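Chemist: Mind having a look at this structure? Questions to follow.
The values are calculated or read from the model by the stated rules, or taken from the named source; none is laboratory data. Quick caveat, the model's predicted, so the values are computed rather than measured. Here Cβ is always computed from backbone atoms with ideal geometry, including for glycine, and neighbour counts include all displayed protein chains. Remember, those area values only see protein heavy atoms, side chains included, never the ligands or the DNA or RNA. Shrake-Rupley method; radii C 1.70, N 1.55, O 1.52, S 1.80 Å.
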Amino acid sequence: MRVVVIGAGSIGSHVAFRLLEQGAEVELLDASQPGGGTSASSIAWLSSYPQMSWQEEPGKAKLRGEVHDMFARLQHELPGDYLHWSGTLMWGYRHERDELRRAAAAVRAKGVEVQELGADEARSLAPGLRLRDDEVVFHETGSGWVDGPGVVRALVAAIGARGGSVRRGARVVGFERAGERLVAARLQDGSRVEGDVFVNAAGSWSSHVAAMAELAIPLELIPGKLVYTQPIDSISHVINGPEWCARPDPSGGLAVHWRGGPQDATHGANARSGQELIDEIATALPELAGTAPVRSSIGIRAIPPGGPVVGAVPWLRNLYFTVSHGGIGWGPMWGWMAARELLGGEDVGELSAMRPERFYLEPIAIGRYADDAEQVAR
């Protein structure tokens with residue numbers, strides 16, 4: 001089977017790698033450079049707390065519990081310095097403590113290790129963190145972060161080494177059809193790429209790719225700002241405060257995502273500048289006081305209404321979708337799901353609520369969903 005994967009971000013690279021490993025002939029296309037889009041501007045936090053306490057669709061909830069194992073397997077297959085199980089220190093506003101405790105109890109019941117710490121205990125783990133003496137911090141030991149560009153580089157290198165094809169600057173501008181099948185993708189340079197199956201892993205451009213095949217697949221596009229700090233020696237954990245999340249970056253500094261308050265459909269307020277964000281987080285990380293940001297970037301997160309879109313519509317079965325928010329974390333999972341369905345002939349039950357045909361069966365309001373809003377614990 002010849003598979004053409006459109007989009008070489010985290011999801012597309014994982015899909016292409018897994019399909020190739022499972023025996024497909026694979027060509028991976030990217031309109032620019034692999035991993036250069038949203039995958040390069042993601043907080044890339046791997047965590048089960050509070051996520052596994054959320055009320056969400058059962059199939060997705062089951063798969064969420066397997067994500068960390070997927071990454072452990074990938075690291076065994078492709079050794080590299082792109083995965084860091086650093087642990088997370090998290091706290092909220094005082095009025096959120098009871099909810100955070102309920103969430104911690106819910107995820108512990110599912111086997112996730114979360115400890116409640118006092119301020120002194122948290123400071124011993126993160127000496128550079130300034131906390132009030134009455135602060136309560138939750139420590140998730142089995143969490144961490146991914147170097148998004150690093151994992152894409154590792155996957156793309158492995159694809160090339162194993163006989164797959166990776167084409168850069170290959171922007172898809174249309175499809176050729178034969179009845180109810182796509183037979184080729186047309187590129188901006190006038191060339192065409194034939195395939196038996198086409199995988200739409202184009203992230204924030206996925207609606208455009210779908211439209212080229214005469215499918216209407218909606219996306220909510222939410223921009224998220226990342227600011228990169230000067231090197232900081234005193235923080236090695238992911239730090240998740242009430243208004244921002246920071247993780248170590250390969251540069252030696254921190255990558256910081258500003259939420260501006262409790263998450264909602266708009267992801268809170270936006271910091272006006274990188275300097276404003278640095279000045280704000282320096283109240284909790286005084287080592288950064290008086291420093292300037294190294295750089296900033298905006299990632300356009302693709303959030304399908306109703307959750308991930310995985311699979312094909314029945315009337316165009318050889319255009320397979322792998323589109324979701326949290327593409328860094330979900331990438332390995334969607335790679336395995338695509339391999340099981342496209343090459344193994346399975347109909348994976350956990351994906352039943354994620355099929356793209358749902359957009360043709362009933363209206364779905366665009367608003368708050370589990371991936372981008374804090375949820376009530378079970």
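Chemist: Give me the aspartates and glutamates in straight-line cross-link reach of residue 62: C-alpha distance below 12 Å, same-chain residues under 8 apart excluded.
Modeler: Cα-Cα hits under 12 Å: 350.
Chemist: Counting only DSSP beta bridges with both residues in the chain, what percent are antiparallel, rounded to the nearest 5?
Modeler: In the chain, DSSP labels about 70 percent of beta bridges as antiparallel.
Chemist: Something else: So, in Å, what gap is there between the alpha-carbon centers of region 205-243 and region 131-180?
Modeler: One Cα centre to the other: 12 Å.
Chemist: While we're looking at this one, here's another question. Excluding residue 180 itself, calculate the net charge of residues whose Cβ lies under 12 Å from the Cβ of residue 180, where each Lys or Arg counts +1 and each Asp or Glu counts -1.
Modeler: Overall, the nearby charge balance is +2.
Chemist: Same structure again: Using a cut-off of 9 Å between beta-carbons, work out the net charge of the residues near residue 164 (Lys and Arg +1, Asp and Glu -1, residue 164 not included).
Modeler: -1
Chemist: Given the options 284, 178, 206, identify the residue whose Cα lies farthest towards the positive end of the charge dipole of region 172-295 (+1 on Cβ of Lys, Arg; -1 on Cβ of Asp, Glu).
Modeler: Highest projection toward the positive end goes to 178.
Chemist: Counting Lys and Arg as +1 and Asp and Glu as -1, each charge on the Cβ, what is the dipole of region 130-286 about the Cα centre in debye, to the nearest 20?
Modeler: In total the dipole reaches around 800 debye.
Chemist: Something else now. Against the longest alpha carbon principal axis of the chain, how many degrees, from 0 to 90 and to the nearest 10, is the axis of helix 10-21 turned?
Modeler: Orientation of helix 10-21: about 50 degrees from the principal axis.
Chemist: Now, a different point. Working from Cα positions, state the angle (0 to 90°, nearest 10) between the long axis of helix 67-77 and the longest principal axis of the chain.
Modeler: It works out to around 70 degrees.
Chemist: Identify all aspartates and glutamates with a Cα-Cα distance to residue 225 below 20 Å; exclude those on the same chain that are fewer than 8 residues away in sequence.
Modeler: Cross-link targets: 147, 243, 249, 264, 276, 279, 280, 371, 372, 374.
Chemist: Using a 1.4 Å probe over the heavy atoms of the protein chains, calculate the carbon and sulfur portion of the accessible area of the chain as a whole percent.
Modeler: Carbon-and-sulfur percentage of accessible area, whole number: 50.
Chemist: Rounding to the nearest 20 debye, state how big the charge dipole of region 19-144 is about its Cα centre with +1 on each Lys and Arg Cβ and -1 on each Asp and Glu Cβ.
Modeler: Dipole about the Cα centre, nearest 20: 440 debye.
Chemist: Can you give me the angle between helix 148-161 and the longest principal axis of the chain, using Cα atoms only, in degrees from 0 to 90, rounded to the nearest 10?
Modeler: Tilt relative to the chain: about 30 degrees.
Chemist: Could you tell me which of rounded, prolate or oblate describes the chain, using a ≥ b ≥ c as the square roots of the eigenvalues of the alpha-carbon gyration tensor, with rounded for a/c under 1.5 and, failing that, prolate when a/b is larger than b/c and oblate otherwise?
Modeler: Prolate, because a/c is 1.5 or more and a/b exceeds b/c.
Chemist: Here's another thing I want to ask about it. So what is the accessible area of the chain per residue, in Å², with the probe set to 1.4 Å?
Modeler: For the chain, the per-residue accessible area is 41 Å².
Chemist: Using a 1.4 Å probe on the protein heavy atoms only, what accessible surface does residue 62 show? Give it in Å² to the nearest 10.
Modeler: 110
Chemist: Add +1 for every Lys or Arg and -1 for every Asp or Glu among the other residues with Cβ under 15 Å from the Cβ of residue 122, and state the total.
Modeler: Charge balance in the 15 Å sphere: -3.
Chemist: For the chain, give the magnitude of the charge dipole about the Cα centre (Cβ charges: +1 Lys/Arg, -1 Asp/Glu; no others), in debye to the nearest 20.
Modeler: With Lys and Arg at +1 and Asp and Glu at -1, about 660 debye.
Chemist: Taking the dipole about the Cα centre of the chain, with the C-beta of Lys and Arg at +1 and of Asp and Glu at -1, give me whichever of 193, 51, 12 is farthest to the positive side.
Modeler: 193
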